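The values are calculated or read from the model by the stated rules, or taken from the named source; none is laboratory data. Just so you know, these numbers come straight off a predicted model, no measurement behind them. All Cβ positions, even for glycine, are placed from backbone atoms using ideal geometry, and neighbour counts span all protein chains on display. Accessible surface is based on the protein model in full, side chains and every heavy atom, while ligands, DNA and RNA are left aside. Shrake-Rupley method; radii C 1.70, N 1.55, O 1.52, S 1.80 Å.
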Amino acid sequence: MPGRKLLFAFCLLCFSLPLWAQTDTLRKAKSNSIFDRITQSISQFKSDTTAPPQDKITKKIQELRALRGGFNIGEAIEFKLEEDRRKGEMPAAQMDALTHFFTDGNGKQKLDHAITHIYRNLFTYKELKGLVRFYRTSAGQKMATEFPLIMLQSLAAPEMLKTQFMKVYNPN
């Protein structure tokens, strides 16, 4: 279970990274904490899997997603599917069909559409251009590569500190 929670938190934080990089977008919601915003956003979220318009915004989103590299949603899904396969809770044929759905089938396309709509709802074209410009730099590429490790280690650090605290606070 802790691995699943870390993976969920990691995925959630990965997709919110660009929000932290855009101060003009954040000023609009400065009065709310990030956790209030996440909770509200998730409770109101409706996935749009329709084909997005093939315009300059969609093209810029595709460029950004390609540049970000690192640990992306496709890799997160493959990791989760493999974890589920090892558990053996689903018949092999059904697991194979689900894996195909998300890696090569209709699910992959629907997920790409949904993610494109998420970006379209969060960013302006100008903001997307700025993000692309950043991720083209060596610092941006390093951030894309190292961010998954930063997030997982950042999530693990308080767990380790909690364990240390509990040993001191309750030594029995």
Would you confirm whether any residue within segment 117-128 is of a type in the set (V, I, T), part of a loop (DSSP other than H, G, I, E, B), surrounded by fewer than 16 Cβ atoms within 10 Å (Cβ to Cβ) and under 20 Å from the mean Cα position of the chain (by Cα)? yes
Checked pairs for segment 40-68, first under 30 Å from S138 (Cα atoms) and of a type in the set (S, T, Y), second open to solvent by less than 50 Å² (accessible area, probe 1.4 Å) and in a helix (DSSP H, G or I), C-beta under 7 Å and 6 or more apart or across chains, list as T58/T116
Out of A114, A156, A93, sole residue that is part of a helix (DSSP H, G or I), more than 13 Å from L64 (Cα to Cα) and free of Cβ contacts under 8 Å to residues at least 24 places away in the same chain: A93
Which of the helices (runs of 4 or more DSSP H) found entirely inside segment 1-88 contain at least 3 residues meeting this: out of contact with any Asp or Glu (no Cβ under 9 Å at 6 or more places or on another chain) and either closer than 17 Å to R120 by Cβ or modelled with pLDDT under 95 (or both)? 2-21, 34-44, 56-68, 73-87
